[in-house]
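Shown next, in structure tokens, is the structure this report addresses.
The values are calculated or read from the model by the stated rules, or taken from the named source; none is laboratory data. In this text the structure is predicted, and so the values were computed from the model without any measurement. Neighbour counts run over all protein chains shown; Cβ positions are idealised from the backbone, glycine included.
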Amino acid sequence: MANYFTDNTDLLFHFNRLKLEEVVEIAEHGYTEAKEYDFAPVDYQDALDNYRKVLEIVGDITANSVAPQAAAVDEEGSHFVDGKVQYAKGIQEALGLLTQAELMGFTLPRRYGGLNIPTTLYTMAIEMVSRAEASLMNLFGLQDIAETINKYGTEEQRQEFLPQFASGAATGAMALTEPDAGSDLQAVNMLAYQDADGQWRLKGVKRFITNGNAEIVLVLARSEPGTKDGRGLSLFACYGKDNIVIRRIENKLGIHGSPTCEMQFNDTPAQLIGKRKFGLIKYVMDMMNGARLGVAGQALGISQAAYEEALRYAKAREQFGKSIYKIPVITNMLMDMRVTLESDRSLLYAACHWVDLRNKLEEKADLLKAEGKDSTAENAKLKEATRVAALLTPMAKYVLSENSNRITYDALQIHGGTGYMKEFNAERLTRDARITNIYEGTSQLQIVAATGGVINDIFADDFTAREQKETSGSLARLADELKEMRVLFLDALKYVTDKTDKHFQSIAAKELVEIYSYLYTGWLLMDEAEEDSRKVFIARRYIIGAAAKTRRNWDTIKKDLFADLLHAEDILI
Amino acid sequence: MSYHSIVMVKQVPDTANISGQVMKPDGTVNRSKLPTIFNPEDKVALELALQFRDRFGGTVRVLTMGPLKASDLLRDCLYMGADEAILVSDRKFAGADTLATSYVLSEALRKLAPYDIIFAGRQAIDGDTAQVGPQTAEKLGLPQITYAEAIIEARGRQITVKRKVDQGFEVLEGTLPLLITVIKDAATPRPFRAKRVMAYKNAHTLLELEKMAEANSLLYVDQLKDEYVSKGLFIPTLTADDLDIDVERCGLSGSPTKVHKIESVILGGGAHETIPATKDGMYALIDRLMEDHIFG
């Protein structure tokens with residue numbers, strides 16, 4: 001039987017080198033949960049064994065039940081009849097299976113019906129779901145909504161909402177975007193007011209809301225009359241269905257199985273989540289960071305599927321009397337795709353590791369504080385994890401979503417004319433990939449989010465330590481490349497910061513963030529190459545390619561490519 | 001009212017995925033090279049039993065006769081939602097044909113009484129005999145409904161079942177307790193449930209505990225068993241000593257079926273045939289493929 005977990009040797013490679021001891025120890029409260037729940041692990045090895053078995057279930061369902069329906073889901077799409085949204089048949093069935101398998105409360109605490117599994121493993125599940133059918137991820141991957149209620153809601157709210165998510169009785173939606181508030185969420189206009197009884201109510205329109213037909217909706221709304229910016233916004237939870245009018249669903253390029261709704265709130269009763277005025281600046285930012293990691297996982301799953309389609313087709317297709325797989329130009333394209341796929345996976349799961357660490361250290365620090373104990377050590381570690389996670393999350397989302405577009409593009413190209421036809425999966429994957437670098441913050445906004453960490457060179461000590469480590473043979477050459485890249489990075493960084501021109505800095509940020517991602521990923525691949533000899537090939541192709549791109553980005557900055565921005569009006573006629 | 005069901009399940013070689021190494025030169029099967037799976041129709045039978053429990057309440061137990069390795073199958077049943085799994089295993093049962101197998105299973109079922117419904121898959125993909133279910137019912141003196149594709153209703157001691165027949169179906173009513181064999185189309189087996197997988201992954205049969213004790217001189221089977229029972233992780237295991245049986249009717253000695261000859265059929269390419277690219281040509285091709293069981 002096919003299995004998207006056990007058949008993916010690279011995913012297994014990453015699973016087998018997880019180092020989540022600290023995270024799981026905190027998540028399991030020192031493994032005391034096992035006393036209360038028969039499915040809680042008794043130690044770290046037991047936890048890993050649990051995770052493996054749960055991912056095997058995901059791998060089974062995605063490979064054998066979800067993937068075979070993907071083309072039909074794309075063809076059928078979602079339905080909008082008499083004001084009600086209906087999922088495609090394949091989506092309904094898939095949600096049924098994921099619910100039966102008890103996978104809809106992946107990260108939630110056990111007391112609310114969840115599995116209490118860390119984000120890293122959840123992201124692995126997202127990767128598999130997306131490989132099978134990208135739009136299913138938009139429903140399976142919305143568990144961050146429940147996570148947000150878990151983190152910022154009251155105990156009463158947790159008890160009300162979370163079991164509904166975990167049991168699969170409810171799906172969620174996060175209603176942020178409005179017609180005039182897309183990338184600029186500070187402009188959100190949805191009104192939140194308290195009626196005579198003190199009940200919060202919502203009034204206004206939300207647009208482009210994934211799964212807006214959900215049973216439980218988190219809404220960003222203006223609770224402070226007279227304010228204009230993000231500080232007047234709060235976060236609310238409300239029930240969908242009869243309380244919200246769905247005006248239409250969008251006709252989209254890809255991810256057809258996931259309905260994108262326009263929602264009208266007519267004095268919809270809602271509950272405030274957390275504190276007033278913290279809606280955007282804290283809760284939504286946090287929720288979106290979780291969702292960004294999910295979208296990176298989605299992009300990776302699509303990349304994996306596209307790579308496999310391309311490889312299979314190239315092996316089967318014969319031209320010039322041989323399989324096109326054997327034509328060097330094609331072999332080379334496939335190798336580029338494979339190396340990109342594997343380096344993307346390294347970056348994503350490194351990011352996940354830091355996110356898990358940040359989340360759990362935060363939990364522990366809060367707990368210690370509540371118990372009146374000293375949390376100095378935790379706070380120091382938490383500070384570092386927060387800094388790293390804040391950089392790696394947008395970086396991973398940027399790199400993986402752009403690469404997913406590249407890999408699906410090449411996969412279609414390898415199919416030639418056939419790839420342009422609907423009969424093969426390459427065109428669907430190409431369309432599905434296209435949203436990943438748009439939603440949950442466009443690539444351009446991910447660069448903005450990553451810029452701070454890059455300009456502050458937060459991995460400086462880490463890179464220096466790695467550069468000083470002894471390496472031998474071919475890895476020594478690669479280490480030299482990385483050292484040279486770092487010199488170029490620091491040079492370019494200095495050039496950019498020395499120029500005090502804010503416009504120039506905002507444009508050059510892309511070049512800098514990219515170089516930083518090459519450096520970070522390059523060193524990750526060096527670690528992997530030391531553990532596994534096959535990974536030397538991956539590290540080699542990645543790093544030599546990255547060095548060339550680094551020189552190009554450096555050149556772009558140093559030769560003032562962007563100086564003509566002053567003449568934009570003359571050029572843009 | 002609620003009902004108590006027992007599902008008879010079997011672990012079988014994965015005959016759909018036979019690789020080159022599996023067939024020995026003499027045409028027999030090298031079992032050690034063969035992956036094993038949950039016999040597909042037995043899995044459907046378990047699903048139907050679980051759906052029946054979802055509808056009417058009650059319990060679902062599963063029963064298999066097999067070697068140590070069959071413990072995996074029983075855990076799979078627990079992962080899907082079976083309330084209890086029971087292994088019937090003894091060296092004396094080895095080499096059994098359908099007659100000897102149904103004899104041992106029927107004796108095990110007597111021990112597990114009372115029950116309302118016994119479910120079984122129509123047949124196993126290794127032997128394709130479809131005999132064990134019906135033989136077991138005969139030995140227990142139970143009515144049986146074979147080729148079931150749906151349970152329409154259950155009321156008191158009456159059950160209404162839709163069964164598949166050539167060219168259609170028939171609807172039968174039966175009085176409990178009875179035995180039902182289930183065809184593949186009856187249901188789609190549910191996935192494993194994550195919490196049950198984590199909870200029961202360490203559930204073990206007596207044979208597995210014996211093996212653990214053999215590998216470690218510090219462990220004693222009785223102690224292990226007590227420990228696993230107390231944790232709710234012991235899979236009850238019935239041996240010949242636990243059943244009131246005539247050993248002569250078990251295993252090889254109780255199996256009149258003798259394999260007369262095994263032939264390793266090597267399919268070779270034959271002559272070409274050109275099929276005209278017309279509608280009639282296409283229909284003729286489809287008919288031929290149906291005849292050869294390549295289609296349908």
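Brief remarks follow.
- Residue in region A:302-324 that is more than 23 Å from A:Glu427 (Cβ to Cβ) and assigned to a helix (DSSP H, G or I) present: no
Quick grid of which residues meet (1) out of contact with any Cys (no Cβ under 7 Å at 6 or more places or on another chain); (2) among the polar types (S, T, N, Q); (3) under 30 Å from A:Arg131 (Cα atoms); (4) assigned to a helix (DSSP H, G or I):
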position	(1), (2), (3), (4)
A:Asp432	yes, no, yes, yes
A:Thr436	yes, yes, yes, no
A:Gln446	yes, yes, yes, yes
A:Gly452	yes, no, no, yes
A:Ile458	yes, no, no, no
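- Taken over region A:36-91, residues that are out of contact with any Pro (no Cβ under 7 Å at 6 or more places or on another chain) and within 30 Å of A:Glu25 (Cβ to Cβ) amount to 22.
- Tally of residues being among the acidic types (Asp, Glu) and within 30 Å of B:Pro191 (Cβ to Cβ) across region B:81-119: 3
- Leading residue by the ranking (surrounded by the fewest Cβ atoms within 10 Å (Cβ to Cβ)) among those in region A:357-377 that are under 20 Å from A:Lys282 (Cβ atoms) and of a type in the set (Asp, Glu): A:Asp366
- Residues that are of a type in the set (D, E, K, R), touching a residue at least 60 places away in the same chain (Cβ under 8 Å), away from chain A (no Cβ under 14 Å) and closer than 27 Å to B:Val104 by Cβ do not occur anywhere in region B:256-264.
- For region A:33-46, the candidate set comprises residues that are assigned to a helix (DSSP H, G or I) and within 11 Å of chain B (Cβ to nearest Cβ); within that set, the residue that is farthest from the chain's Cα centre (by Cα) is A:Ala34.
- Pick from region B:78-107, criterion in a helix (DSSP H, G or I) and over 15 Å from the mean Cα position of the chain (by Cα), ranking: farthest from B:Asn202 (Cα to Cα): B:Leu99
- Restricting region A:459-510 to residues that are among the hydroxyl-bearing types (Ser, Thr, Tyr) and at pLDDT below 95, the residue that is nearest to A:Ala389 (Cα to Cα): A:Ser506
- B:Thr188 passes every criterion in (1) polar (S, T, N, Q); (2) outside any strand (DSSP E or B); (3) farther than 30 Å from A:Leu98 by Cβ apart from (3).
- Whichever residue in region A:19-32 is free of Cβ contacts under 8 Å to residues at least 60 places away in the same chain and surrounded by 14 or more Cβ atoms within 10 Å (Cβ to Cβ) and, among such residues, is nearest to the other protein chains (Cβ to nearest Cβ): A:Tyr31
- Residue within region A:158-165 that is touching a residue at least 60 places away in the same chain (Cβ under 8 Å) and among the basic types (Lys, Arg) present: no
- Residues located in region B:242-252, provided they are of a type outside the set (A, V, I, L, M) and in contact (Cβ under 8 Å) with a residue 40 or more places away in the chain: B:Asp242, B:Asp244, B:Arg249, B:Cys250, B:Gly251
Residue-by-condition table, conditions (1) at pLDDT 95 or above; (2) part of a strand (DSSP E or B); (3) over 26 Å from the mean Cα position of the chain (by Cα); (4) not assigned by TED's automatic domain parsing to the domain that holds A:Asn289:
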site: A:Phe161; (1), (2), (3), (4): yes, no, no, yes
site: A:Gln164; (1), (2), (3), (4): yes, no, no, yes
site: A:Ser183; (1), (2), (3), (4): no, no, no, yes
site: A:Asp197; (1), (2), (3), (4): yes, no, yes, yes
site: A:Leu202; (1), (2), (3), (4): yes, yes, yes, yes
site: A:Val205; (1), (2), (3), (4): yes, yes, yes, yes
site: A:Val217; (1), (2), (3), (4): yes, yes, no, yes
site: A:Ala221; (1), (2), (3), (4): yes, yes, no, yes
site: A:Pro225; (1), (2), (3), (4): no, no, yes, yes
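- Scanning region B:126-140 for residues that are surrounded by fewer than 17 Cβ atoms within 10 Å (Cβ to Cβ) and either at pLDDT 95 or above or β-branched (Val, Ile, Thr) (or both) returns a single hit, B:Thr129.
- B:Glu41 vs. criteria at pLDDT below 95, touching a Leu at 6+ places or on another chain (Cβ under 7 Å) and surrounded by 15 or more Cβ atoms within 10 Å (Cβ to Cβ): no
- Filtering region B:184-233 to residues that are more than 14 Å from chain A (Cβ to nearest Cβ) and buried (at least 19 other Cβ atoms within 10 Å of the Cβ) leaves B:Ala186, B:His204, B:Thr205, B:Leu206, B:Leu207, B:Glu208, B:Leu209, B:Leu224.
- Residue count, region A:372-397 (criterion: among the small types (Gly, Ala, Ser) and free of Cβ contacts under 8 Å to residues at least 24 places away in the same chain): 4
- Look at region A:91-111: where a residue is at the interface with chain B (Cβ under 10 Å from one of its Cβ atoms) and a partner is of a type in the set (S, T, N, Q), sitting 6+ places away or on another chain with Cβ atoms under 6 Å, you get A:Leu97/A:Ser65; A:Phe106/A:Gln143; A:Arg110/A:Asn116.
- Restricting A:Asp74, A:Asp10, A:Asp49 to those that are within 12 Å of chain B (Cβ to nearest Cβ), at pLDDT 95 or above and in a helix (DSSP H, G or I) reduces the list to A:Asp49.
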